[in-house]
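Trainee: Before we start, here is the structure in question, set down as structure tokens.
Values in this text are rule-based calculations from the coordinates and carry no lab data. None of these values were measured; they are calculated from a predicted model. Because the Cβ atoms are built from the backbone with ideal geometry, glycine has one as well, and the counts that use them run over all protein chains shown.
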Amino acid sequence: MNNHKNLSHETNRFASITARCFISVCPGNGSYQPMPRPRMALLVGTVLVALLAALIASSQQRALALPPTCGSTVTVTSILDSGAGTLRQALVSVCAGGSITYDASFSTGVHTTTLATTELTVTKGVTITGPGRDHLIVDGAGTFRVFHVTSAAGNVTIS
């Protein structure tokens, strides 16, 4: 019984010991004794923090090295006003200084894109090469001018 009370008292003492100490059972009497934290644990913790910092720095550098989300050449595949493959989407997707071309299927017949929402805004230097005036019409529907080239655009070529 006496050992049980002693163990209970030592268990309560264990709960109050700060993080500076490890707790160990002494082989002689079975009581709990605080031990100084080994330097090895401090060293391991320091190494882990350094490795984590290096990993974060490395991932940030890799994020900066990712390829751009824009294309140097974007191909128009749809005559619709907006959505995937349209001239409007190509103007958003192309990199500054890039090119927008039309799919070869536009080289025969006459294709008309009628603007239904707003004018096509050009905000970066770009070269737009269509299939030719005999094959492509971009129509503002009497409501919109076709292109708005902003002052920030730089060199813009439309042919």
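Trainee: Under a 5 Å amide H to amide H cut-off, with H placed in plane at 1.01 Å, what residues pair with residue 113 once short-range neighbours are removed?
Mentor: It is 137, 138, 139, by chain and number.
Trainee: Quick one: which residues, 5+ away or cross-chain, put their amide H under 5 Å from the amide H of residue 76? H built at 1.01 Å from N.
Mentor: 101, 102, 103
Trainee: Please turn the phi angles of the stretch 86-94 into ³J(HN,Hα) values with the Karplus equation 6.51 cos²θ - 1.76 cosθ + 1.60 (θ = phi - 60°), one per residue in order, whole Hz, x for glycine and proline.
Mentor: 8, 4, 4, 5, 4, 5, 7, 7, 6
Trainee: Something else now. Just add up the charged neighbours of residue 139: K/R +1, D/E -1, any other residue whose Cβ is under 12 Å from the Cβ of residue 139.
Mentor: Around residue 139, the surrounding residues sum to -1.
Trainee: Taking H placed 1.01 Å from N in the peptide plane, check which residues at least 5 places from residue 149 or on another chain put their amide H under 5 Å from its amide H.
Mentor: 122
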